[in-house]
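Structure, as structure tokens:
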Amino acid sequence: MTQINTYDYIIIGAGSAGCLLAKRLSENPQKRVLLIEAGKNDNYIWIHVPVGYLYCIDNPRADWRFRTAKESGLNGRSLLYPRGRVLGGCSSINGMIYMRGQAGDYESWVQATGDDSWSWQNALKRYKQFEDYHGAANEWHGKGGEWTVSKQRLRWPVMDVFKQAAVEAGIPASDDFNQGDNFGVGYFDVSQRDGWRLNTSKAFLRDASKRQNLTVITQALVNKLLIDPVSKNCYGVQYTKDGAVLEAHCAIDQGGEVLLSAGAIGSVQILERSGIGSAKRLNDLGIPVLSDLPGVGENLQDHLQLRMVYKVSGIKTLNTKANSLFGKMMIGLEYILKRSGPMSMAPSQLGAFAYSSPEQKSANLEYHVQPLSLEKFGEDLHAFNAFTASVCNLRPTSRGSVHINSVDPEAAPIIAPNYLSTEEDRKVAAEALRLTRQIVQSPALQPHFPEEYKPGVQYQTEDELIKAAGDIGTTIFHPVGTCKMGRTDDPMAVLDSELRVRGIHHLRVVDASAMPTITSGNTAAPTMMIAQRVAELLT
């Protein structure tokens, strides 16, 4: 009979939250920690070269390769929905943008939970603890932490021109999008170190994995949580590795816990397979119900980016630079010699935060501007010079869902983001397209004769712009909220404010699924901050 090992903490998922948790909890040599990851080690070269996301997304080496259901708001289209399946999780394949969101996001969490520990000021303290900022330590930034925050190692004239145009359109210049009010335009800070991608495996696990009290198991697919049906104690996990079904147990009599950090999609799948979720849904799948929580898998929120493309003249973009053999050779040589140039690029270099209308209380639009264009992800760059100005609604009111429809751990879930399903979101989408046109019409860009290639100037009325948004809209890979924390009187809250699963003991969900509402920006850093909070609670 296979020996069953017992640990103080079992962490499921070695992503943005799981790797940080593993390091923090294993700092106590008396605590035995197990970290289980479904994917492989992160020794794939394209994970670490910044532009390598092009070769990681939709690649089974690093990605679960999910797709959404067909979306009516996107005119019947289904989208690729990348999620990291590798050490480092989504931090191994994401856009590397370091973004905390805005102060109001965290005040919304306080309102949703009644817990002031989630306030902006408290969150800021946690960010500074794991941050190693490129500038000096100050009231906004920390120095000496594991997570390197770098300036980008390149600039593009076309980006500088767009920045000037945005300033002319009334958006002030900014050199820091992490001070709580992000209204402004400037280059993003990135999660890179010396021109290489920094993922959470490299930042938190590389040294911690040498500790005798930390065990890391890769290529281990979690089937379900082990929960006593009478006491409702979660005492371990069942997983499959190399064809064998194995168990790991948790020392719950000594305060041990299982920490589910499989992400906004994966955590839902594991909870539902374990009997935690909507009783009706579980009964239909023949899964015994251990905790009837109708909120599991609901409240899915994501940022829908509207990718507007403009042809330009008299200024170089990556389209033409990368469309010749000589150009590609020079790009490769620059990266080899200097760790700079296009191969060091995050997918988006220039950012802007703006108001879609004067009624908004804070900036509710985020731009990701790129010196390139293509029809869709994975295809070749266009043969003409162009830039892409992607704009997303930071606070969507549309809510989607993710659910399993099979007990098979390898079966893909049904992901239905429900984009543009509310009148408010459709209104903001139309306003966002109009604002982009206003920026592009500013004097700075006029010498380069910008010509709208996508969606096209033929879309003018409100209804036409909403249709255009459905045609060009795509995910920016920020799913959150599917196991939200909330007050005890919220029937859809899955977790309390300390991320404990309702109705089950010794089990927490620690990842982006815990967010009651999405942050106003990229979601990797907030996910690490959530893990930092739970590490504080447990140490």
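Could you estimate the translational diffusion coefficient of segment 203-332 from the Stokes-Einstein equation, with Rh from the Kirkwood formula over C-alpha pairs, at 20 °C and 1.002 mPa s, in whole µm²/s? Don't skip to the end; give the middle numbers.
Numbers: Rh = 19.4 Å.
Result for D is 110 µm²/s.
Cross-link partners of Lys224 among aspartates and glutamates, defined as those whose alpha carbon lies under 19 angstrom from its own and excluding same-chain residues fewer than eight positions apart: Asp8, Glu37, Asp242, Glu247, Glu257, Glu272, Asp284, Asp292, Asp408, Glu410, Asp511. In the chain, taking the dipole from charged Cβ atoms about the Cα centre, the farthest positive-side position among Leu290, Gly73, Leu372 is held by Leu372. Classify segment 66-121: rounded, prolate or oblate, from the alpha-carbon gyration tensor (a ≥ b ≥ c, eigenvalue square roots; a/c under 1.5 rounded; otherwise prolate if a/b is larger than b/c)? Taking the square roots of the gyration eigenvalues as a ≥ b ≥ c, segment 66-121 is oblate. Each of the peptides 33-44, 260-271 was scored by the mean count of other Cβ atoms within 10 Å over its residues; in descending order, highest first, they stand as 260-271, 33-44.
Shape index of segment 319-427: Rg/Rh, with Rg the Cα radius of gyration and Rh the Kirkwood radius from the inverse mean 1/r over Cα pairs, equals 1.11.
To the nearest 500 deg cm²/dmol, what mean residue ellipticity at 222 nm is calculated for the chain from DSSP H runs of n ≥ 4 alone, each contributing -39,500 (n - 2.57), summed and divided by the residues?
Working: 13 runs with 129 residues, N = 539.
Rounded to the nearest 500, the figure is -7000 deg cm²/dmol.
Dipole size of segment 135-285 about its Cα centre, with +1 on Lys/Arg Cβ and -1 on Asp/Glu Cβ: approximately 460 debye, rounded to the nearest 20. For the chain, the convex hull spanned by the alpha carbon atoms encloses 145 Å³ per residue. Other residues with beta-carbon under 14 Å from the beta-carbon of Val402 carry, at +1 per Lys or Arg and -1 per Asp or Glu, a net charge of +1. So what is log10(I(q)/I(0)) for segment 20-97 at q = 0.20 1/Å, when the Debye sum runs over its Cα atoms only? Result of the Debye calculation: -0.88.
Bridgeable lysines around Lys454 (alpha carbons under 29 Å apart, same-chain partners fewer than 8 residues away excluded): Lys70, Lys163, Lys311, Lys316, Lys321, Lys328, Lys376, Lys427, Lys467.
Of all DSSP bridge pairs formed entirely within the chain, close to 65 percent run antiparallel. Treating segment 136-263 as a set of equal point scatterers at the Cα positions, no solvent, please give the Debye-formula log₁₀ I(q)/I(0) at q = 0.19 Å⁻¹. Reported log10 I(q)/I(0), two decimals: -1.15.
Taking a ≥ b ≥ c as the square roots of the Cα gyration tensor eigenvalues, with a/c under 1.5 meaning rounded and otherwise prolate when a/b beats b/c, else oblate, which class fits segment 4-158?
Values: a/c = 1.32, a/b = 1.12, b/c = 1.18.
It is rounded, given that a/c, with a ≥ b ≥ c, falls under 1.5.
All of the numbers you see were taken from the coordinates with simple rules; none came from a lab. In this text, all values refer to a predicted model and were calculated from it rather than measured experimentally. We place every Cβ from the backbone using ideal geometry, glycine too, and count neighbours over all the protein chains shown.
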